[in-house]
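Report on the structure given below.
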Amino acid sequence: MQNLLHNLNPEQLAAVTLPAQSALILAGAGSGKTRVLTTRIAWLIQTQQVSPAGIMAVTFTNKAAKEMLARLSAMLPMSTRGMWVGTFHGLCNRLLRTHYRDAALPQTFQILDSQDQLSVIKRLLKANNIDDEKYPPKTLMYFINNAKDQGLRAHQVEAHDPIERKLVELYEIYDLQCQREGVVDFAELLLRSYELLARNQPLREHYQQRFRHILVDEFQDTNDLQYNWLKLLAGHNVVGGGALFAVGDDDQSIYAFRGANVGNMAAFEREFRVQNLIKLEQNYRSHGHILDSANMLISNNSKRLGKNLRTDAGHGEPVRIYEASSDLEEAQWIIEEAKSLMAEGSARRDIAILYRSNAQSRVIEQKLFAAGLPYIVYGGQRYFQRAEVKHVIAYLQLMDNPHNDSAFLRVVNFPTRGIGSRSIEQLQAAAGQQGISLYAAVPHVAGKAGSSLANFVRLIEGARFETTQLPLPEMVRVVLEASGLLAHYQGEKDGTDRVENVEQMVSAATHFVQEEGFGQNAPAHLGPRAQAQSGAPIVSEDGIEIFDADAPLPTVMSPLSAFLSHASLEAGDAQAQAGQDALQLMTVHSAKGLEFDAVFITGLEEGLFPHESSAREMDGVDEERRLMYVAITRAKKRLYMSFTQTRMLHGQTRYNMKSRFFDELPEEALKWLSPRVQSHWSGNKKSAWDEPVFAGGSDNKIAHQIAQKASSGPGWRIGESVAHAKFGEGVIVNLEGSGSNARAQINFGRAGVKVLDLSVAKLDRVGR
DNA sequence: ATTTTCTCCATTTTT
DNA sequence: TGGAGAAAAT
C-alpha cells in the first residue's frame, strides 16, 4: 500500500485516492496518466473498496489494454480474474457473446473488418442495381458507420434529400443482409450492445450493480455512442450507479475525423456533476524549451479546458529549425543530423522521424536506404489483414458460420476449382430470390455449376466434421491441407513469404489457445480463464438468463469462434521487426502515446501541416494545432523541425510557405539552423544569405527588414517569397505574360492562391 | 484464367 | 508521381 502510492506527486496521489465518485482527470502529455489509471485500480482493490470483478477498464487499442493488464498484474498480489479490461470493441464482443440470444445474434456471429464491410456493401449495391458512380461504396460505408457511431438505426436517420433517402434505404438493406449472414461490423458491436443494455432492464441492472468502478483511458477520443454506452453502464442518473473515472487530454484530441467528440469531456463534467477535476500538469518527459514550445503553441487554441505543462528538467537544448530547398534536401539533412546524434551515442530506436501524411515517408526512406541506415515505417498491413491469411480465415469462418457470404466469395474459387463468374451469378440470383445465404442456395443451382459448387460445400462440411474433436491449431493445419491453400502457395513462384504467413496461422492458433486458456489441457497457471470450470447460465428471478459474468469464454464460445473474433479485433502487429534498433518513421497520429529522445517533425509547410483540407473543416486548424502539439510533446531531449521551399506532391512541384505554427512558438526556445537557403533557380550563388544570419529571435526580425529593402524590384522568379499589403506573405507559384501584361500566381497560404497583375500589385521581396 | 493496360486518386486510423 | 483496383486483352 505504502509501496503503491510511493513516488506519486500530489496531483497523481489525489487522483488515485479520490472517493468513489465520478471524476475527470485532465492528464497532460507525459504526466504519468497510465500510472495513475493502473494505480487507481490497484488502490481500490487493495483498500477493499471493490473486488476485481467490480472493475471495468476501457481503452481504445489492444496495446493499451495489454499494457494496463501487465502493469496491474505486476502491482497486485492477487489474480485479476473477473476484471474486465479491454477495448470498447473487445468488451462489447464479450457482452454480445455472453448474451447472444438477447442480442438476437447467432452464437457464432462473426466480425467484419473494414475490408469485409466494404465488400458486403459493394455486393449489396450490385445486387440492387445501384449506380456506384452516384453512390460510391465508400460513401455508403461512411454514411452507415457515421450513423451507427451516433447511435442511429436507419429508421432514425433524418434524410433531407433524395440522395440521403436512398442512403438510408441502403443502410436498412445492409443491416438486414448482415443479420441474414450472421455478421456484425465494428460499429455494430457497439450499437448492438448499447441497444442490448438499453432494452433489457434486468441485464442492464445486473451490470450496473456489478461494475462499481469504470475507468476510461483517452476519454477525449470517445464518440457519441461510446459515451452513451458508458453512461448506461455506469448507471448515469441511476441511484447506486457506478463511478466513472475518465482520463483524457483535450489538447491531444486528434481523431475528430473518425467521430471522436472532445465535447464529451465537458458533457461528462456537467452530466455526471463531476466534483473532482484534477489536472496532471507535471511533465516527466520533455526538457524545458520543448515544453515551452508546446505550451505556447497550444495556447493559440480557444475552447480548451485549460492546462499548462511544467517540468523540473532544465531548458535543455533549443528546438532546431531547418529550411530546406526541397524535400530531397530535407531528407538528406535529417539523415546528417540523425547520424551525428548517433555519433553522440543515441540509439537508432530513440530517434523518430514524424510526418503529417504517409506519402512523405517515401523520399526519406529512399535517402535512408541510400545511406544504409536501418529504419522501420509504422503503419501498413497487419498480419491478419494479409490476403493469404484472410483466405485461411475465410475457410475457418465458413466452417463456423457458413452463411458468411463474404467468406464464401473469397474462397469459393480460391484456389481455383472451376467455379467462374457465371456460376457465382447464378448462385447469387438464387440466393437473392429466396433471401438466403450463398451457401444455403447451393442446392438450388442445377447443372455443372451446381455440382462444382456442391463439391465446395462438401469440402467445407468435410473439414468441419473431421476437425470437431481436434484442438484449434490442428484444425488450422487440416484446413491448410484440405483447402489446397498450402499447396497453392507452395507451387507459386515467389510464394515463400506467403507459405510462411499461412503456416504461421498454426502458431498463431497455438499461441491464442495458450493465452486464452482454451486448451482442455491448458495448465492452470496460464490464465484466469483456464482455471474456470464450465459455468451454467444463471437465471435471474425475472426468469431472464444471465450468464455468470465471469464465465470463461470457452463456456459461451467455441475456440474457433473465439479465435476468429480475435483475428478481427486484433489485427496483429503491422511491423514484424518492431522493437528492432532502427530509426522510427511514422505519422504524427501514430506517434501519439509514444516518446523518443530525439524527434524530427518534417514538412512543416502551409497546406501540408496544417493540411489544406483542414481549412474546410469546422475547427480544422485547431485540430491540426493539437496534432502539432502531440508531435512536439513526443520529444524528450532533442526536437528538430523542418520545412521546404519546394516539394513534389502528386507528381507536381509545389511551392509552399513555412507553417504558421512557427509563428506560434517562443523565439527564445528556437534555433534557426539555416539562413534562407540558396535557391536552386537563382544564378547568384554568392548572395548575402549564404552566411548564417538567423541566430534566433530578435535578429530574425532585423534580417527580415533588411532583406525587404535590399532586394525589392522587378524580375520575379517562380518559388520566390513575396509580401503583399493585404494578403501577407506568399510564394510565387507561376508567372505568365510579360511586360505590362505580366501576372503572377501567388500562393498566400491562409489567404489562398491569387493571380496578381505585376504592373499593378505592390509586392515586396521577402528573405525569410 | 491469368496477365497487361488503364484509370483514378491522393490526410490522419483503430476496432 | 506511384499505387491500387478495375477493365481489357491474351
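The values are calculated or read from the model by the stated rules, or taken from the named source; none is laboratory data. Just so you know, these numbers come straight off a predicted model, no measurement behind them. For neighbour counting, all protein chains shown are included, and Cβ atoms are generated from backbone atoms with ideal geometry for every residue, glycine included. When the accessible area is computed, the model is the full protein with side chains, heavy atoms only, and any ligands, DNA or RNA have been set aside. Shrake-Rupley method; radii C 1.70, N 1.55, O 1.52, S 1.80 Å.
Miscellaneous remarks
- Count of residues meeting criterion [open to solvent by 70 Å² or more (accessible area, probe 1.4 Å) and on the phi > 0 side of the Ramachandran plot] in the stretch A:303-325: 1
- Applying the condition of being over 30 Å from residue A:560 (Cβ atoms) and free of Cβ contacts under 8 Å to residues at least 40 places away in the same chain to the stretch A:113-136 and asking which residue is nearest to DNA strand C (Cβ to nearest atom) yields A:132.
- Between A:432, A:517, the distinction of being more than 17 Å from residue A:392 (Cβ to Cβ), in contact with a Gly (Cβ under 8 Å, 6 or more places away or on another chain) and away from DNA strand B (no atom under 16 Å from the Cβ) belongs to A:517 only.
- Being away from DNA strand B (no atom under 16 Å from the Cβ), modelled with pLDDT of 95 or more and open to solvent by 10 Å² or more (accessible area, probe 1.4 Å) is a condition met by at least one residue of the stretch A:596-603.
- Filter result for residue A:237 (more than 26 Å from the chain's Cα centre (by Cα), of a type in the set (S, T, N, Q) and within 25 Å of residue A:15 (Cβ to Cβ)): yes
- Within the stretch A:649-685, the set of residues being of a type in the set (A, V, I, L, M, F, W, C), more than 17 Å from residue A:605 (Cα to Cα) and modelled with pLDDT under 90 comprises A:681 only.
- Matching residues, the stretch A:719-745, being outside any strand (DSSP E or B) and modelled with pLDDT under 75: A:719, A:737, A:738, A:739, A:740, A:741
Yes or no, residue by residue, for (1) open to solvent by 30 Å² or more (accessible area, probe 1.4 Å); (2) assigned to a loop (DSSP other than H, G, I, E, B); (3) within 11 Å of DNA strand B (Cβ to nearest atom):
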| site | (1), (2), (3) |
| --- | --- |
| A:564 | no, no, no |
| A:572 | no, yes, yes |
| A:590 | yes, no, yes |
| A:614 | no, no, yes |
| A:617 | yes, yes, yes |
| A:630 | no, no, no |
| A:637 | yes, no, no |
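- Hits in the stretch A:174-216 - residues which are open to solvent by 10 Å² or more (accessible area, probe 1.4 Å) and in a loop (DSSP other than H, G, I, E, B): A:200, A:212
- Residues of the stretch A:591-646 satisfying the condition of being among the small types (Gly, Ala, Ser) and in contact with a strand residue (DSSP E or B) (Cβ under 7 Å, 6 or more places away or on another chain): A:591, A:598, A:603, A:631, A:635, A:642
- Residue in the stretch A:343-363 that is over 19 Å from residue A:643 (Cβ atoms), of a type outside the set (A, V, I, L, M), more than 21 Å from the chain's Cα centre (by Cα) and open to solvent by less than 20 Å² (accessible area, probe 1.4 Å) present: no
- Subset tally (residues that are crowded, with 21+ Cβ neighbours inside 10 Å, among the β-branched types (Val, Ile, Thr) and more than 16 Å from residue A:146 (Cβ to Cβ)) for the stretch A:219-253: 1
- Figure legend. Inter-residue proximity from the stretch A:86-102: first residues over 12 Å from residue A:191 (Cα atoms) and acidic (Asp, Glu), second residues more than 16 Å from DNA strand C (Cβ to nearest atom) and part of a strand (DSSP E or B), beta-carbon distance below 9 Å, spacing 6+ or different chains. Indicated pairs: A:102/A:545.
- Test for residue A:26: is it open to solvent by less than 10 Å² (accessible area, probe 1.4 Å) and either under 30 Å from the mean Cα position of the chain (by Cα) or modelled with pLDDT of 95 or more (or both): yes
- Yes/no for residue A:418 being within 15 Å of DNA strand C (Cβ to nearest atom), of a type outside the set (D, E, K, R) and outside any helix (DSSP H, G or I): no
- Residues in the stretch A:109-119 that are open to solvent by 40 Å² or more (accessible area, probe 1.4 Å) and either away from DNA strand B (no atom under 15 Å from the Cβ) or closer than 18 Å to residue A:92 by Cβ (or both): 1 in all.
- Scanning the stretch A:84-105 for residues that are out of contact with any Leu (no Cβ under 8 Å at 6 or more places or on another chain) and open to solvent by less than 50 Å² (accessible area, probe 1.4 Å) gives A:86, A:91, A:98, A:100.
- Screening residue A:764 with (1) at pLDDT below 70; (2) over 27 Å from residue A:640 (Cβ atoms); (3) not hydrophobic (A, V, I, L, M, F, W, C) gives one miss only, at (1).
- Number of residues in the stretch A:472-506 that are loosely packed, with under 13 Cβ neighbours inside 10 Å and among the small types (Gly, Ala, Ser) equals 1.
- Residues in the stretch A:363-388 that are among the aliphatic types (A, V, I, L, M) and within 15 Å of DNA strand C (Cβ to nearest atom): A:363, A:364, A:370, A:377, A:387.
- The set of residues from the stretch A:639-666 being within 16 Å of DNA strand B (Cβ to nearest atom), within 24 Å of residue A:287 (Cα to Cα) and not hydrophobic (A, V, I, L, M, F, W, C) comprises A:659, A:660.
- Each residue in the stretch A:746-764 was checked for being surrounded by 13 or more Cβ atoms within 10 Å (Cβ to Cβ) and part of a strand (DSSP E or B), and 7 of them qualify.
- Between A:134, A:122, A:126, the distinction of being basic (Lys, Arg), surrounded by 14 or more Cβ atoms within 10 Å (Cβ to Cβ) and not assigned by the TED database to the domain that holds residue A:255 belongs to A:122 only.
- Residue count, the stretch A:171-202 (criterion: in contact with a Leu (Cβ under 7 Å, 6 or more places away or on another chain), within 12 Å of residue A:147 (Cβ to Cβ) and aromatic (Phe, Trp, Tyr)): 1
- Residue pairs meeting the criteria (Cβ under 8 Å; at least 6 apart or on separate chains; first over 26 Å from residue A:349 (Cβ atoms), in the stretch A:618-639; second surrounded by fewer than 24 Cβ atoms within 10 Å (Cβ to Cβ) and among the acidic types (Asp, Glu)): A:623/A:617; A:625/A:664
- Screening residue A:274 with (1) under 22 Å from residue A:623 (Cα atoms); (2) out of contact with any helix residue (DSSP H, G or I) (no Cβ under 6 Å at 6 or more places or on another chain); (3) open to solvent by 10 Å² or more (accessible area, probe 1.4 Å) gives one miss only, at (1).
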